[in-house]
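The values are calculated or read from the model by the stated rules, or taken from the named source; none is laboratory data. Here the structure is a predicted model, which means the values were calculated and not measured. Using ideal geometry, Cβ is built from the backbone for each residue, glycine included, and neighbour counts are taken over all protein chains shown. Note: accessible area is taken over every heavy atom of the protein model, side chains too, but ligands, DNA and RNA are not part of it. Shrake-Rupley method; radii C 1.70, N 1.55, O 1.52, S 1.80 Å.
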Amino acid sequence: MAPIPIISPINVGHIDDVIELSKTKPDTIPQRFVRDITERPTIATLTPNKAHIITTPANNHHHHMPIIDFSNLSKHNTHELFLHELLNLATACKNWGFFQVVNHGVDLNLMESIEKMSNEFFMLPLEEKQKYPMLPGTIQGYGQAFVFSEDQKLDWCNMLALAIEPQHARNPNLWPKKPEKFSETLEEYSREVRKLCENLVKYIAIGLGLKEEAFDSMFGEAVQAIRINYYPACSRPELVMGLSPHSDGSALTVLQQAKGSPVGLQILKDGIWIPVHTLPNALVINIGDTIEVLKNGKYKSVEHRAVANENKDRLSLVTFYAPSYEVELGPMPEFVDANHPCKFRRYNHGEYSKHYITHRLQGKKALDFAKIQTRNAF
């Protein structure tokens, strides 16, 4: 979330509330939600019972998202277990950019509470939710984000997005007063997720042969935000996109999928969209653009998207953890040499965050902001 709001007015045209729209179970989807043929999800990727293991035609091997047992890192049960899990984490970051974390230390009752309250919020009357509007060009409040024109295709999703840290980035008027105790529960939940992020970046640093505080000193007062996504059932899921393909501008992203939700998150690996089946009580973690820049491309952020389901609604809670808006970032010297030339320029992270939220989601295009453009000798 960028520290500076957009001042110029943006004409986004009429935007239907997707939750209200889905209640009518329309046979015809409004054109603003219908994707071009090249952007539509295929039937195969919409069929979850065929997606637990994906075999790619090109290499005929099975894809399994890595699972990290956080207790082996945090409790130091034995040195061997610690080193084994550290290697698993480093391999997951390098080969996948996505992994699931079990035994993560976030209180399960708290996860259940914030999930329940989030569902209750989205079920409130529309006029109540509209008291917290997400204005065009911003990414706090209720509505649709990343919309910048009246002819832009829309995602089949409503969201509530809020800044968490630093506190001066918050807009208190956009924090819902209903359900009761939503704000207090969100505060407590966010503190625990932040602790997990702080520990994960520490272990990622150790796995890279760096000092465990390497990222802390670079990040300053880390920024934290949450986006709670609600994807209503859609009568024609093959025509729409729940959330457009993109990589995250964060350092780390933490996703909690609500219990009972259908498979919706997909990641792009080896040119194939792979549905993510979350384990019970696990959190899904992914590497963001910031880590890709700091590692000079050794670890890469991964393009991902969400698809709609014909019969069931889906809820996810997504936390973004990123460096302070004030810091300057660029590839760390440890990852630049004659064989690995510098791929990214140095930049102010606040400016990158502003760039990220002022452009529509479009794969990994946002990272072009930081790339060093090589000139063709011819």
Subject >> Full-extension gain in nm, Arg191 to Asn119, via 0.36 nm per residue minus C-alpha separation >> reply: 23.9 nm
Original post:
In sequence order, what are the phi-derived ³J(HN,Hα) couplings for the stretch 86-103 according to the Karplus relation 6.51 cos²θ - 1.76 cosθ + 1.60 with θ = phi - 60°, rounded to whole Hz, with x for glycine and proline?
Top reply: 4, 5, 4, 5, 4, 5, 4, 5, 6, 8, 10, x, 9, 7, 9, 10, 10, 6
**OP:** Give, rounded to the nearest 20 debye, the magnitude of the charge dipole that the chain has about its Cα centre when Lys and Arg contribute +1 at Cβ and Asp and Glu contribute -1 at Cβ.
**Re:** 700
Original post:
Dipole of the chain (Lys/Arg Cβ +1, Asp/Glu Cβ -1, origin at the Cα centre): which of Leu73, Ile37, Gln257 lies farthest to the positive side?
Top reply: Ile37
Subject >> Extreme residue, positive dipole direction of the chain, given options Phe369, Ala282, His84 (C-beta unit charges) >> reply: Phe369
**OP:** Can you tell me the relative contact order of the chain? Whole percent, Cα pairs under 8 Å, sequence separation 6 or more.
**Re:** 22
**OP:** Counting only heavy atoms of the protein chains, get the accessible area per residue of the chain (1.4 Å probe) and round it to a whole Å² value.
**Re:** 47
**OP:** Specify which residue in the list Ala169, Leu210, Leu186 is farthest towards the positive end of the charge dipole of the stretch 140-242, using unit charges on the beta carbon of Lys, Arg (+1) and Asp, Glu (-1), about the Cα centre.
**Re:** Leu186
Original post:
Within a Cβ distance under 15 Å of Thr91, other residues only, what is the Lys/Arg minus Asp/Glu net charge?
Top reply: +3
Subject >> Crossing angle, helix 182-207 versus the chain [Cα axis fit, 0-90 degrees, rounded to tens] >> reply: 30
